[in-house]
Amino acid sequence: MRAVTSPDAPAPVAGAPYSPCVVAGPGELVFVSGQLGIDVATGALVEGGVGAQARKALENLGALLDAAGCGVGDLASVTLYLTDLAGDFTDVNAVYADVLGEARPARAAVGVAALPLGASIEVQAIAVRATG
């Protein structure tokens, strides 16, 4: 296994003891830890509501995938964690479709009581990196 970071994606929140991304196994699985809509330049959540946070979280995810040698087309599974599943799902779904384009990984959306930094959305993913 090897940890992957990117200057274009935030470091773990408050120095938490985890890797933002790990590449593992003979099949080159890429595990991306939950990404928030954090602006790397400011270290704060982006303004503009759940849609802006979703877009930035997906961009942060993309930066880590890129650093691991793959992209959104290599995603196998995505999990969305939302603090207002009923109210925010439609907005997040539109941003998700725009950012991922034709990629259609398996996906789950989970309602949660709270997220770090008061975020409205967190995005976690697993990708398979092409080895040949």
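Here, each number is a calculation from the coordinates, and none is a lab measurement. Only a predicted model underlies this, so the values are computations on that prediction, with no experimental measurement involved. Glycine also receives a Cβ, built like all others from the backbone with ideal geometry; neighbour counts cover every protein chain displayed.
Which of the residues spanning segment 67-88 are in contact (Cβ under 8 Å) with a residue 12 or more places away in the chain and more than 16 Å from the chain's Cα centre (by Cα)?
84, 85, 86, 88
Would you say residue 67 is in contact with a strand residue (DSSP E or B) (Cβ under 6 Å, 6 or more places away or on another chain), farther than 21 Å from residue 85 by Cβ and not β-branched (Val, Ile, Thr)? Break it down stepwise before answering.
Working: in contact with a strand residue (DSSP E or B) (Cβ under 6 Å, 6 or more places away or on another chain): yes; farther than 21 Å from residue 85 by Cβ: yes; not β-branched (Val, Ile, Thr): yes.
The answer is yes for residue 67.
Determine whether segment 16-34 contains at least one residue that is in contact with a helix residue (DSSP H, G or I) (Cβ under 9 Å, 6 or more places away or on another chain) and closer than 20 Å to residue 97 by Cβ. Working first, answer last.
If we filter segment 16-34 for residues that are in contact with a helix residue (DSSP H, G or I) (Cβ under 9 Å, 6 or more places away or on another chain), which is where we start, we get 16, 20-21, 30, 32-34.
Now drop any that are not closer than 20 Å to residue 97 by Cβ, which leaves 32.
Within segment 16-34, one or more residues are in contact with a helix residue (DSSP H, G or I) (Cβ under 9 Å, 6 or more places away or on another chain) and closer than 20 Å to residue 97 by Cβ.
In segment 27-38, what count of residues is obtained for those that are within 13 Å of the chain's Cα centre (by Cα) and either surrounded by fewer than 22 Cβ atoms within 10 Å (Cβ to Cβ) or within 18 Å of residue 106 (Cα to Cα) (or both)?
Applying the first criterion (within 13 Å of the chain's Cα centre (by Cα)) to segment 27-38 yields 30-38.
From the residues that got through so far, the ones that are either surrounded by fewer than 22 Cβ atoms within 10 Å (Cβ to Cβ) or within 18 Å of residue 106 (Cα to Cα) (or both) too are 30-35.
Qualifying residue count for the region: 6.
Give me the residue from segment 89-132 that is free of Cβ contacts under 8 Å to residues at least 40 places away in the same chain and part of a strand (DSSP E or B) and, out of that set, farthest from residue 44 (Cα to Cα).
106
Considering only residues that are under 19 Å from residue 117 (Cβ atoms), in contact (Cβ under 8 Å) with a residue 24 or more places away in the chain and in a loop (DSSP other than H, G, I, E, B), which ones fall in segment 7-31?
Hits for segment 7-31 are 8, 9, 10, 20.
Which count do you get for residues in segment 98-132 that are over 14 Å from the mean Cα position of the chain (by Cα), aliphatic (A, V, I, L, M) and surrounded by 12 or more Cβ atoms within 10 Å (Cβ to Cβ)?
Qualifying residue count for the region: 4.
Which condition number in (1) in contact with a Pro (Cβ under 7 Å, 6 or more places away or on another chain); (2) of a type in the set (A, V, I, L, M, F, W, C); (3) on the phi > 0 side of the Ramachandran plot is the one that residue 14 fails?
Only one criterion in (1) in contact with a Pro (Cβ under 7 Å, 6 or more places away or on another chain); (2) of a type in the set (A, V, I, L, M, F, W, C); (3) on the phi > 0 side of the Ramachandran plot is unmet by residue 14, namely (1).
Considering only segment 70-83, I want to know if a residue exists there that is surrounded by 15 or more Cβ atoms within 10 Å (Cβ to Cβ), out of contact with any helix residue (DSSP H, G or I) (no Cβ under 9 Å at 6 or more places or on another chain) and in a loop (DSSP other than H, G, I, E, B).
Looking for residues that are surrounded by 15 or more Cβ atoms within 10 Å (Cβ to Cβ), out of contact with any helix residue (DSSP H, G or I) (no Cβ under 9 Å at 6 or more places or on another chain) and in a loop (DSSP other than H, G, I, E, B), one finds at least one in segment 70-83, hence yes.
Sort out which residues of segment 39-69 are of a type in the set (Val, Ile, Thr) and in a helix (DSSP H, G or I), and write them in order of number. Please lay out each step first, then the result.
Step one: filter segment 39-69 for residues of a type in the set (Val, Ile, Thr), giving 40, 42, 46, 50.
Result: 50, single match.
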